[in-house]
1. Can you pull out the residues in the stretch A:75-122 that are more than 13 Å from chain B (Cβ to nearest Cβ), among the charged types (D, E, K, R) and in a helix (DSSP H, G or I)?
2. Every residue in the stretch A:1-42 that is hydroxyl-bearing (Ser, Thr, Tyr), facing another protein chain (nearest Cβ under 9 Å), outside any helix (DSSP H, G or I) and open to solvent by less than 20 Å² (accessible area, probe 1.4 Å), please.
3. Within the stretch A:282-291, identify whether any single residue is acidic (Asp, Glu) and out of contact with any helix residue (DSSP H, G or I) (no Cβ under 6 Å at 6 or more places or on another chain), and answer yes or no.
4. Of the residues in the stretch B:123-155, how many are part of a helix (DSSP H, G or I), under 29 Å from B:HIS193 (Cα atoms) and touching a residue at least 60 places away in the same chain (Cβ under 8 Å)?
5. If you take the residues in the stretch B:52-61 that are facing chain A (nearest Cβ under 7 Å) and part of a loop (DSSP other than H, G, I, E, B), which one is surrounded by the most Cβ atoms within 10 Å (Cβ to Cβ)?
6. Taking the stated definitions as given, is A:ARG235 part of a loop (DSSP other than H, G, I, E, B), of a type in the set (Lys, Arg) and modelled with pLDDT under 95?
7. Please go through (1) over 20 Å from the mean Cα position of the chain (by Cα); (2) open to solvent by 10 Å² or more (accessible area, probe 1.4 Å) for B:ARG273 and return the number of the only condition it doesn't satisfy.
8. Determine the pairs where a residue that is farther than 26 Å from A:LYS182 by Cα and within 12 Å of chain B (Cβ to nearest Cβ), located within the stretch A:279-297, has a partner that is of a type in the set (S, T, N, Q) and surrounded by fewer than 23 Cβ atoms within 10 Å (Cβ to Cβ) with Cβ atoms under 8 Å apart, the partner being 6 or more residues away or on another chain.
2 protein chains.
Amino acid sequence: MEKRKAYAKLTSHTLAFCANYFHGNGFTQLMPVMLSPITDPLGPDPGSSVIKTGEIEYLGQRLSLTQSMILHKQIAVQSGIDRLFILSPNVRLEHPKRRESGRHLFEFSQLDFEIAHAKMDDVFSLMEGLICGVAESTRADCAPELSRLGRALPRFAAPFPRHTTAELIARYGLDWEPAASKEHKSPFWAISHKREFYDREDPESPGTYRNYDLIYPEGFGEALSGGEREWEFDRIMSRIGRDRLGKAQFSPYIELAKGGLTPSAGGGFGIERMVRYLSGAPHVGDVQLFRRVPGEPVVV
Amino acid sequence: MEKRKAYAKLTSHTLAFCANYFHGNGFTQLMPVMLSPITDPLGPDPGSSVIKTGEIEYLGQRLSLTQSMILHKQIAVQSGIDRLFILSPNVRLEHPKRRESGRHLFEFSQLDFEIAHAKMDDVFSLMEGLICGVAESTRADCAPELSRLGRALPRFAAPFPRHTTAELIARYGLDWEPAASKEHKSPFWAISHKREFYDREDPESPGTYRNYDLIYPEGFGEALSGGEREWEFDRIMSRIGRDRLGKAQFSPYIELAKGGLTPSAGGGFGIERMVRYLSGAPHVGDVQLFRRVPGEPVVV
């Protein structure tokens, strides 16, 4: 079996497993959006290295290529769809230095989900069920592929360990992710990051955030990021101001948020990174039939 | 129940049904590609009204937004993946006059599939199984939604009628599709269109094409288009020449085709048009939570 066929089978299996898991848990699958007047600003993470947002002009409107479906997810929840997921290509025009990270692509597909009135713990148990399930099912259904790729996928169980980023920084330094990921044998949660305006800051404890990353073990790094969301209009506006984002660029979102949004929590995870973890691929680009690594020429 | 929730449920059900149908028939699901040096030229259909291809620049390369995955499907088959499908957003920047057709969007998701060494008849029976199955399953699982939308989804059975386009033109005139669609009670096949270079011309009978459209009944129009493919290098080159397409714009594809491609047949169908047909929506944009109708401003 050629490696590319093994990766393709693992990708297909992962897509089927994830979609059926969310359908089975009562989620409504929405269609992706690729072009919109608004998209995820992907800030103010100081590690962000997206060099620009992809944009086109169509009939007099400037439309941005989707960086993530976060704002559309919140709008969909607001329109009464209580449990939703979307499998959407995300375009993030990364700096070519990201080629070396092993885990960045300028185009990948994200499974993005959102749950009205949910809290962090709801997302933790949903995702732990998914990660344990997909690993189990991959071991059972894709044994020839794992064997071809030389991958012994270690066993682990829910619940996953939880650490605040403050604890992780104290132990591993500011760039805690690679070392913490290498040292863990099980996926784990990293909780409370200062980041995008839409992740909820704990009103009782400013500087504490009701958000989370799920980190794969063995050095494979970030699996998912998500959070409870800011839903009160004044807080959204003050967070956008604090991040020095132009309000005009979010005007349709701000308009909808004026009466307050429906509180929700959710997350998003990259399919290619999940397949990389399951297959043990050296680089996330290795799992793509059509490779999309920043800094490498795009052949086809 | 609000209409948008009924449409969202029908969309979600359709996505799940279609993906499981292709997985169940031994297809490998590939990831979509949104940006590539090459994409479907969507020609030389005289009815084509795409005003331009969406393009961006990234690290010195011009990349086109996917108009369809056709060329990537052929390359994937060539790389040894024998039965594949992809659920991919397609961006087609249509002329604003298309707003009136009721069935055009400038962004939609296509389920694109391809089968190595297959013939037209293989695609007919695969698709007839899918269409009968999704209609049956929608009636069973989405009765409250169909009722909310006032839709009585008529019954029909495989095999579907087949007509050549020459027969259809003789009966309904050059613009046969709306009238023929309205008059039929069952989906039907329209066979042999002169169109894109990658659809195979019958070598025994020049001017006859081994391609097909599936047309929904009741005036809902085109469901799918597909064909057996040109796979011999000389024929591909002469067809590209006949369509007066710049060879440079397909150079990575032409390079791969030099030794001949793997013969294949396949097709692609829009999810939104399928949901429109199942739900009886007046306009295909009605089924979208985030409306993408050419000539209408994009709100969000």
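The values are calculated or read from the model by the stated rules, or taken from the named source; none is laboratory data. Bear in mind the structure is a predicted one, so any value in this text is a computation, not a measurement. Glycine gets a Cβ as well: all are built from the backbone with ideal geometry, and neighbour counts include every protein chain shown. We work out accessible area using only protein heavy atoms, side chains counted, and drop any ligands, DNA or RNA first. Shrake-Rupley method; radii C 1.70, N 1.55, O 1.52, S 1.80 Å.
1. A:GLU100, A:ASP121, A:ASP122
2. Listed by number, the list holds a single entry, A:SER36.
3. Yes.
4. Selection size over the stretch B:123-155: 10.
5. B:GLY54
6. In short, no.
7. (1)
8. The qualifying pairs are A:LEU289/B:SER79; A:PHE290/B:SER36; A:PRO297/B:GLN61.
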